[in-house]
Structure formats: structure tokens, C-alpha cells
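First comes the structure, then the notes that go with it.
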Amino acid sequence: MNRPRPEPVQVVRQRRDDALNALVEGVPYIRYLGIRFDRRGDELTAVLPFDDKLIGNPALPALHGGVTAAFLEVTAIVVLSWTIAWERMENGHRGVDDWDPSHLPRMPKTIDFATDYLRSGLPRDAYARASVNRSGRRYASVHVEAWQDNRERLYAQATGHFLMPTPDE
């Protein structure tokens, strides 16, 4: 019995990175804010590099609350979409056509999103991670935490509920 030879790890890694980049590059606001995602296995960390345009209160200075909320919501949506894409990749949906942007899963739609501002966002890089609490066929719940210098010292957190795309979308 001959088993097919496994793909080289570089090929698998590149396919996963290409899928993540296609998800992120498909949203112009993510590019505008400069948000990027670092992937380690199936875990994503969102990075919001500091830029002067992100300041809301120049007297403090502090990151704009809308930027913070957008950063958290984008993180939740991309992690949720990535979870769908990761599942497809792990279940053997391979090939170049599976990972071009027109074949990626559609992004979930926000039902509601509640942000808790725990302290002012300082004028420096910010990081966020999302955990999917529940993900079903039609509905998902995600919790997101954001920090700057110390992972234990959050500056914001949020919980969002999302309408999941149907499989044929």
C-alpha cells in the first residue's frame, strides 16, 4: 500500500501564510490602520503598529477609542475567518484554487460588539488575541483582549457576536 508523500513543511507554511494574507488584504480598512497578523501554528496575534494618525487625544496622548474598537473587531473577525480557513486546510481542501481570494470563506458579519476600555491606549504598538467561545453553523461568539507592553495589563477587551457565512457563500 503506497501512501502519498507528505508535502514539504515550507509548502504547507507558505499556503497557510498566503491564505491569511488573502483574508487580511481583502479589507481596505485593515490596510489603512496598518494591522498585521503574526501566525504561529493555528494561533494569531494581531499587531497595530503605532502611527500618529491613530491618536485621538493629543493632550494625553492616547489612541482613539474608535481605533481601539476597530482593532479589536478586526481581530475577532479575522481570527473567526481564519478558524474556518484553517479547518478547510486541515481537512484536505488543498490546491492553488482553494486559496485564491475568490475561494476563501466569506467574512462573518457583526451582530453586536461590546468594547471595554480598561485604560488609555498609549502611543505605542498594540497587540490583540481573540478566542472563539462558540462557533456554530450560523452564530459565533468571540472574546478579544488587547495589550501594549505587558500581556497581563490589558488596555481593552471586547466580546462580539457574529453571523457566520453559509457554506455556499
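Annotation note: Cβ proximity below 8 Å between a residue of the stretch 108-133 that is more than 23 Å from Ala59 (Cβ to Cβ) and a residue that is surrounded by fewer than 16 Cβ atoms within 10 Å (Cβ to Cβ) and acidic (Asp, Glu) (sequence gap 6+ or interchain) occurs for Arg129/Glu43.
Return yes or no: is Val96 under 30 Å from Val12 (Cβ atoms), of a type in the set (A, V, I, L, M) and at pLDDT 95 or above? Before you say what the answer is, go through the steps one by one.
Working: under 30 Å from Val12 (Cβ atoms): yes; of a type in the set (A, V, I, L, M): yes; at pLDDT 95 or above: no.
Here the answer is no, as Val96 does not meet what is asked.
When residues in the stretch 111-142 are screened for being outside any strand (DSSP E or B), farther than 16 Å from Met164 by Cα and more than 17 Å from the chain's Cα centre (by Cα), 7 of them pass.
Applying the condition of being small (Gly, Ala, Ser) and surrounded by fewer than 16 Cβ atoms within 10 Å (Cβ to Cβ) to the stretch 120-169 and asking which residue is farthest from Ile84 (Cα to Cα) yields Ser131. Considering only the stretch 55-71, I want to know if a residue exists there that is at pLDDT 95 or above, not in a helix (DSSP H, G or I) and not aliphatic (A, V, I, L, M). Yes; the residues of the stretch 55-71 include at least one that is at pLDDT 95 or above, not in a helix (DSSP H, G or I) and not aliphatic (A, V, I, L, M). Residues in the stretch 12-53 that are over 10 Å from the mean Cα position of the chain (by Cα), in a loop (DSSP other than H, G, I, E, B) and at pLDDT 80 or above: Gly26, Val27, Gly34, Pro49, Phe50, Asp51.
When you go through Arg15, Arg40 one by one, which is the residue that is free of Cβ contacts under 8 Å to residues at least 12 places away in the same chain and either touching a strand residue (DSSP E or B) at 6+ places or on another chain (Cβ under 8 Å) or not β-branched (Val, Ile, Thr) (or both)? Explain how you work it out, then say what you get.
Details: Arg15 fails: free of Cβ contacts under 8 Å to residues at least 12 places away in the same chain.
The conditions single out Arg40.
What's the number of the only condition in (1) farther than 18 Å from Pro28 by Cα; (2) among the hydrophobic types (A, V, I, L, M, F, W, C); (3) modelled with pLDDT under 85 that Leu163 fails to meet? The one condition Leu163 does not meet is (3).
The values are calculated or read from the model by the stated rules, or taken from the named source; none is laboratory data. Keep in mind that what you see is a predicted model, and the values were worked out from it rather than measured. Positions of Cβ are backbone-derived with ideal geometry, glycine not excepted, and every protein chain shown enters the neighbour counts.
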